[in-house]
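Peer 1: Sharing a structure below in structure tokens format, with a few things to ask.
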Amino acid sequence: MSTPKPTIVLVPGSFSSSSNYTDILKAVRDLGYPAVTLELPSTQKRMPLPPASMMDDADVIRRAVETLLGQGKQVAVMCHSYGGVPTSQALVGLGVKRVVYLSALVPKVGQSLLMTSMGSNELPMEAVVS
């Protein structure tokens, strides 16, 4: 019996809507993986509400992943660019199969987007290879 493939959750970068990832989503689905792309609140006009924060984005990611895990699915998350920041926050303590950072910012625990952008953020070799 084969193991079911994990559901791929694609988290966009800033200034990106899910429609920017149509070709990637199709390629992943063509390989037999169930896949979805999220819309982050920070990429939406929210008038008259104030702009969304990174924590608002993280909440959307966390709820999507928790929903899939609650359905008994394995989950792998692909995050692009800025999407790496709220994804790292959102997945704390969740049983996600894999996280793939696509040209993404990878903050260290407790590090802000600004700190990540300005400083050295080298990953240990194990993180790069695994």
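Peer 1: Across the range 17-34, what is the total count of residues that are loosely packed, with under 11 Cβ neighbours inside 10 Å and outside any helix (DSSP H, G or I)?
Peer 2: Going through the range 17-34 one residue at a time, the tally reaches 2.
Peer 1: I would also like to ask the following. Say whether the condition of being of a type outside the set (Phe, Trp, Tyr), under 17 Å from residue 91 (Cα atoms) and in a loop (DSSP other than H, G, I, E, B) is met by at least one residue in the range 43-54.
Peer 2: To start, the set of residues in the range 43-54 that are of a type outside the set (Phe, Trp, Tyr) comprises 43-54.
Pick out the ones that are also under 17 Å from residue 91 (Cα atoms) and you get 53-54.
Next, only the ones that are in a loop (DSSP other than H, G, I, E, B) stay: 53.
Within the range 43-54 (the criterion being of a type outside the set (Phe, Trp, Tyr), under 17 Å from residue 91 (Cα atoms) and in a loop (DSSP other than H, G, I, E, B)), the answer is yes, since at least one residue qualifies.
Peer 1: Let me ask you something else. Looking at residue 84 and the list (1) touching a helix residue (DSSP H, G or I) at 6+ places or on another chain (Cβ under 7 Å); (2) among the small types (Gly, Ala, Ser); (3) closer than 22 Å to residue 106 by Cβ, which single condition is not satisfied?
Peer 2: Result: residue 84 passes all but (1).
Peer 1: From 3, 7, which residue is surrounded by fewer than 18 Cβ atoms within 10 Å (Cβ to Cβ) and not aliphatic (A, V, I, L, M)?
Peer 2: Details: 7 fails: surrounded by fewer than 18 Cβ atoms within 10 Å (Cβ to Cβ).
After applying the criteria, what remains is 3.
Peer 1: Just to check your reading of the model, which residue among 53, 14 is loosely packed, with under 14 Cβ neighbours inside 10 Å, closer than 19 Å to residue 104 by Cα and of a type outside the set (A, V, I, L, M, F, W, C)? If you could, list the steps in order and put the result at the bottom.
Peer 2: Numbers: 14 fails: loosely packed, with under 14 Cβ neighbours inside 10 Å.
Going through 53, 14 in turn, just one is loosely packed, with under 14 Cβ neighbours inside 10 Å, closer than 19 Å to residue 104 by Cα and of a type outside the set (A, V, I, L, M, F, W, C): 53.
Peer 1: Moving on. I'd like to check something: does the range 4-11 contain any residue that is under 17 Å from residue 102 (Cα atoms), of a type in the set (Val, Ile, Thr) and free of Cβ contacts under 8 Å to residues at least 60 places away in the same chain?
Peer 2: No, every residue in the range 4-11 fails to be under 17 Å from residue 102 (Cα atoms), of a type in the set (Val, Ile, Thr) and free of Cβ contacts under 8 Å to residues at least 60 places away in the same chain.
Peer 1: Looking only at residues in the range 56-99 that are β-branched (Val, Ile, Thr), free of Cβ contacts under 8 Å to residues at least 60 places away in the same chain and not in a helix (DSSP H, G or I), which one is surrounded by the fewest Cβ atoms within 10 Å (Cβ to Cβ)? Spell out the reasoning first.
Peer 2: Applying the first criterion (β-branched (Val, Ile, Thr)) to the range 56-99 yields 60-61, 65, 67, 75, 77, 85, 87, 92, 96, 99.
Right, trim to free of Cβ contacts under 8 Å to residues at least 60 places away in the same chain and you get 60-61, 65, 67, 85, 92, 96, 99.
Now restrict to residues that are not in a helix (DSSP H, G or I): 92, 96, 99.
Details: 92: 9, 96: 18, 99: 18.
Filtering the range 56-99 for residues that are β-branched (Val, Ile, Thr), free of Cβ contacts under 8 Å to residues at least 60 places away in the same chain and not in a helix (DSSP H, G or I), the one surrounded by the fewest Cβ atoms within 10 Å (Cβ to Cβ) comes out as 92.
Rule-based calculations on the coordinates, nothing more; no lab input. Since we're looking at a predicted model, the values are computed, not measured. Reconstructed Cβ throughout: ideal geometry from the backbone, glycine too, with neighbour counts over all protein chains shown.
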